[in-house]
Amino acid sequence: MSTKERYESAKARYAKVGVDTDKAIQILKNVAISLHCWQGDDVKGFDQDGPLTGGIQTTGNYPGKAMTPEELMADMEKVMSLAPGKKKINIHASYAIFEEGQWVDRDQLEPKHFKKWVDFAKAKGVGIDFNPTFFSSPKVKDGLTLSSPDEETRKFWIRHGKACIRISQYFAEETGIPCVMNIWTGDGYKDIPGDRLGPRMRYKESIEEILSEPYDFNLVKPCVESKVFGIGVESYTAGSAEFTLSFAAEHKDKCLPLMDNGHYHPTEVVSDKIPSLLCFFPEIALHVTRPVRWDSDHVVLFDDETREIAKEIVRNDALDRVYIALDYFDASINRISAWTTGLRNMSKSLLFALLQPNAQLKELQDTNNLTKLMTVQEEMKTFPFGDVWDYFCESCGTPVGFDWFTEVEKYEKEVLSSRK
């Protein structure tokens, strides 16, 4: 049977439980997923030659990583051609592109240092999300940035944050698509601190100062992201979950909360937090990863939590209220494959959620018919979802089934293998 024939059969079966597969596909075609640039070069960036520091680490040395802006953009373009649906690109400030002899430190970054990224985004018809880079810099003093007791250190990183606000405004104006600008630092302490409040008060005041930079909140969406711990800051982080959520709630007219599902305790799940935040915030943002046992940033799979995250977004009619971005980096396997796997799986999870009889499930819960609720949810797991997914891929002009990996192998042979 052809992909179309298999789809028509699946469509009829889904229709029997009140699910319109055509509608689901059309909705998904308009949902943007933000593709993170740092998977392609192991979070190295282009503005410094030092090691990756600041509570994060990339493992592996698979050959073929991108080493120039041109290589990184070519790799991202390849990935976007292999996954269906709408995309954005997500870049860190450390990926500024300088002309020869025109390097500036992060507090002096300007829109012109990201013009090539704008040109790339415009050529692909996508928007840009952005992140100040509060790590991998000699200006990180004793592991601290915005929460540092050293005033000059704080001032430097505040200037960096303000510069990033201006750059985010530039991105949004140039592409016509809102820019989500995420503030995250690895500030914290390896062992038990003597003062927990002081660093958080400094952190609060620093972010408030960054957000005092003028911007159009319709175009620039600053976010605050928490983290439970990191390498070298195992005992305390200034930007805890309680801190960032409280900060976002107090400043909801100018910033959003961002949840990374690797940034919580092992028994916590972001899928359960999404509807809670939707009760209070008009918009929220996500970094989707796979934490395994901690924030290890594994490749996103079509696993239980990714599907549950997608279900909570879809069943709560929040596709236009939740900004979805990917955040992981694996240097132990082919980076193009890692990127594509995660991008396809996030899109796949959203389609799976759109193909659930969500109205019926809510009614069963509200009428306390919990026996049937469980039964319907379990039976839907074996519906011919794969046939709808294949048709969605084909309708978007992207590879079906294993064909995308054949393209990755070809790209590795023809492009990646020539990189030293």
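The values are calculated or read from the model by the stated rules, or taken from the named source; none is laboratory data. Note that the structure is a prediction, hence the values are computed from the model and not measured. Quick reminder, even Gly has a Cβ in these numbers, built from the backbone with ideal geometry, and neighbours come from all protein chains shown.
A few points about this structure:
- Yes/no for Ser148 being in a loop (DSSP other than H, G, I, E, B), buried (at least 18 other Cβ atoms within 10 Å of the Cβ), in contact with a helix residue (DSSP H, G or I) (Cβ under 7 Å, 6 or more places away or on another chain) and on the phi < 0 side of the Ramachandran plot: yes
- Residue in region 247-261 that is surrounded by the most Cβ atoms within 10 Å (Cβ to Cβ), counting only those that are within 18 Å of Ile309 (Cβ to Cβ) and without any contact (Cβ under 8 Å) to a residue 60 or more places away in the chain: Met259
- Looking only at region 9-31, and only at residues there that are among the β-branched types (Val, Ile, Thr) and farther than 17 Å from Asp390 by Cα, the one that is farthest from the chain's Cα centre (by Cα): Val17
- Residue within region 38-47 that is modelled with pLDDT of 95 or more, farther than 27 Å from Leu144 by Cα and out of contact with any Pro (no Cβ under 8 Å at 6 or more places or on another chain) present: no
- Scanning region 292-304 for residues that are within 15 Å of the chain's Cα centre (by Cα) and either surrounded by fewer than 18 Cβ atoms within 10 Å (Cβ to Cβ) or not in a loop (DSSP other than H, G, I, E, B) (or both) yields Ser296, His298, Leu301.
- Residue in region 325-343 that is on the phi > 0 side of the Ramachandran plot and surrounded by fewer than 18 Cβ atoms within 10 Å (Cβ to Cβ) present: no
- The one condition in (1) within 30 Å of Phe134 (Cα to Cα); (2) surrounded by fewer than 15 Cβ atoms within 10 Å (Cβ to Cβ) that Phe46 fails to fulfil: (2)
- Out of Ser271, Ser246, Ser235, sole residue that is within 16 Å of Ile183 (Cα to Cα) and among the hydroxyl-bearing types (Ser, Thr, Tyr): Ser246
- Beta carbons closer than 6 Å, at least 6 apart along the sequence or on distinct chains, pair a first residue in region 228-246 that is more than 25 Å from Leu277 (Cβ to Cβ) with a second that is surrounded by fewer than 19 Cβ atoms within 10 Å (Cβ to Cβ) and not charged (D, E, K, R) for Ile231/Gln57; Ser235/Ile192.
- Search result, residues across region 396-420 that are assigned to a helix (DSSP H, G or I) and in contact (Cβ under 8 Å) with a residue 40 or more places away in the chain: Trp404, Phe405, Glu407, Val408, Tyr411, Glu412, Leu416, Ser417
- 2 or more residues among the acidic types (Asp, Glu): qualifying helices (runs of 4 or more DSSP H) within region 313-395: 358-366, 370-380, 385-395
- Any hit, region 240-257, residues being in a loop (DSSP other than H, G, I, E, B) and under 18 Å from Pro199 (Cβ atoms): yes
- The residues in region 6-30 that are closer than 19 Å to Ser349 by Cα, free of Cβ contacts under 8 Å to residues at least 24 places away in the same chain and touching a Ser or Thr at 6+ places or on another chain (Cβ under 9 Å) can be counted, and the count is 0.
- Scan of region 189-221 for residues that are over 29 Å from Phe171 (Cβ atoms) and touching a helix residue (DSSP H, G or I) at 6+ places or on another chain (Cβ under 8 Å), ordered by number: Pro193, Arg200
- Test: residue in region 221-244 that is touching a Leu at 6+ places or on another chain (Cβ under 9 Å), over 24 Å from Pro282 (Cβ atoms) and hydrophobic (A, V, I, L, M, F, W, C): yes
- Thr267 meets the conditions (1) under 18 Å from Lys162 (Cβ atoms); (2) modelled with pLDDT under 95 in every case but one. The failed one is (1).
- Scanning region 272-302 for residues that are within 18 Å of Ser246 (Cβ to Cβ) and in contact (Cβ under 8 Å) with a residue 60 or more places away in the chain gives Glu283, Ala285.
- Which listed residue, of Asn90, Asn61, Asn30, is surrounded by fewer than 16 Cβ atoms within 10 Å (Cβ to Cβ), in contact with a strand residue (DSSP E or B) (Cβ under 8 Å, 6 or more places away or on another chain), at negative phi and not in a helix (DSSP H, G or I): Asn30
- Residues in region 96-117 that are buried (at least 22 other Cβ atoms within 10 Å of the Cβ) and small (Gly, Ala, Ser): Ala96 only.
- Among the residues of region 41-73, those that are of a type in the set (Ser, Thr, Tyr) and more than 15 Å from Ile231 (Cα to Cα) comprise Tyr62, Thr68.
- Residue in region 125-145 that is surrounded by the fewest Cβ atoms within 10 Å (Cβ to Cβ), counting only those that are outside any loop (DSSP other than H, G, I, E, B) and touching an Asp or Glu at 6+ places or on another chain (Cβ under 7 Å): Lys141
- Residue list for region 219-245, restricted to those being over 20 Å from Tyr189 (Cα atoms) and either buried (at least 22 other Cβ atoms within 10 Å of the Cβ) or at pLDDT below 95 (or both): Val220, Lys221, Pro222, Cys223
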